[in-house]
1. How many of the residues in the range 253-294 are outside any helix (DSSP H, G or I), touching a residue at least 24 places away in the same chain (Cβ under 8 Å) and either farther than 25 Å from Lys212 by Cβ or in contact with a strand residue (DSSP E or B) (Cβ under 7 Å, 6 or more places away or on another chain) (or both)?
2. Quick one: what pairs do we get from the range 96-118, first residue without any contact (Cβ under 8 Å) to a residue 12 or more places away in the chain, second surrounded by 10 or more Cβ atoms within 10 Å (Cβ to Cβ) and part of a helix (DSSP H, G or I), C-beta under 6 Å, 6+ apart or different chains?
3. Take the range 202-230 and flag every residue that is among the β-branched types (Val, Ile, Thr) and assigned to a helix (DSSP H, G or I).
4. Just the residues that are surrounded by fewer than 14 Cβ atoms within 10 Å (Cβ to Cβ), of a type in the set (Val, Ile, Thr) and in contact (Cβ under 8 Å) with a residue 12 or more places away in the chain, please, taken from the range 141-188.
Amino acid sequence: MDSDILLSTLDSTQFQGIDISTPPGPSSSISQASSLRPGNRSAPKKRRGRTSWIWEHIPNDNINTIYVDSEGNIVWKCKYCLAVYAETTGTGICERHLGRLHQITKISSQAQKQIARESTIDAAFARAAKTSYKRRCLTSLELDTIDPAVLEQLYVRFLTACNIPFHLVQREEFRTLIRYINKDADTWLPSSHSTVRKWTIRTFQHEKNHIKQLLQSALSKVHLTVDLWTSPNSLAFIGIIGHYIAENGDLRHSVLALKEVDGDHSGANQALHIMEVLRDYGIASKLGYFMMDNAESNDTMLVALANCKYILTTFT
């Protein structure tokens with residue numbers, strides 16, 4: 001099937017990973033392996049995954065993207081200039097090129113982790129600056145070593161990422177550890193699990209509103225990945241992920257819903273749950289393509305969804 005049938009032009013280049021952002025110069029004839037004509041080279045053998053850090057500095061974000069020259073040789077292509085080096089020459093020459101011409105050197109895994117942590121903290125500050133909630137302090141003393149809004153963001157992130165129960169905040173052992181690290185943090189953390197629950201819900205709602213804004217201002221249609229499965233305790237869930245080009249040109253993937261499915265698993269019933277999500281985010285008119293498995297119920301779900309979408313966009 002032709003690519004223009006599967007995705008719109010803007011999205012196809014982003015979704016398929018074809019690099020068009022840095023076209024080769026007049027003296028270069030580098031292309032991606034996907035653009036080679038049959039017969040240019042023999043069928044590729046199964047390749048081992050790339051591990052060197054230099055592959056993080058090719059034009060495509062996928063480090064396993066293959067670039068070839070006019071003779072069909074695999075090359076490393078610099079993300080920042082027109083330089084190319086044959087893969088067979090090793091990684092050393094590419095490392096020297098990045099260091100000398102672009103001042104880019106390898107950093108240790110520990111340094112990478114520290115950078116990631118600082119980035120997370122910066123993001124928490126940015127999110128906290130957009131909130132204006134009142135927070136209760138457990139003491140009347142003036143405290144300035146902790147920003148309570150940032151503490152809330154990071155604590156909720158910690159709970160959700162690590163699947164930690166809300167009532168951890170009531171455990172004396174945990175509070176003792178926090179107080180040892182920073183007494184101000186202990187005074188700003190709530191003493192009740194119900195307050196932590198409120199923190200989590202309002203953080204979720206704030207992030208959901210942010211995603212709504214991104215979706216509604218997207219440059220592309222919103223394409224969906226949908227899957228249905230049953231949990232170990234026999235509950236049916238449907239997961240929906242949106243893929244789109246954001247207003248700034250970035251390709252983004254956002255979890256839109258993880259909903260329990262009431263009733264049977266028929267396609268018509270699934271369509272109702274999906275339509276509820278589309279209506280909630282206000283993106284029925286921006287709906288693009290679906291990526292799903294080949295379950296028969298998905299065919300009937302798409303037919304039912306098409307009818308629901310026609311009614312919603314025509315009569316509302």
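1. 14
2. Close Cβ pairs satisfying both conditions: Thr105/Gly99.
3. Listed by number, the residues that qualify are Thr203, Ile211.
4. Thr145, Thr160
Here's the yes/no breakdown for (1) in the same structural domain as Arg171 (by TED's automatic domain parsing); (2) of a type in the set (A, V, I, L, M); (3) loosely packed, with under 14 Cβ neighbours inside 10 Å:
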{"residue": "Arg197", "(1), (2), (3)": "yes, no, no"}
{"residue": "Arg202", "(1), (2), (3)": "yes, no, no"}
{"residue": "His223", "(1), (2), (3)": "no, no, no"}
{"residue": "Trp229", "(1), (2), (3)": "no, no, yes"}
{"residue": "Pro232", "(1), (2), (3)": "no, no, yes"}
{"residue": "His243", "(1), (2), (3)": "no, no, no"}
{"residue": "Asn248", "(1), (2), (3)": "no, no, yes"}
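The values are calculated or read from the model by the stated rules, or taken from the named source; none is laboratory data. A quick note: this is a predicted structure, and the numbers were derived from the prediction, not measured. FYI the Cβ positions are ideal-geometry reconstructions off the backbone, even for glycines, and counts take in every protein chain you see.
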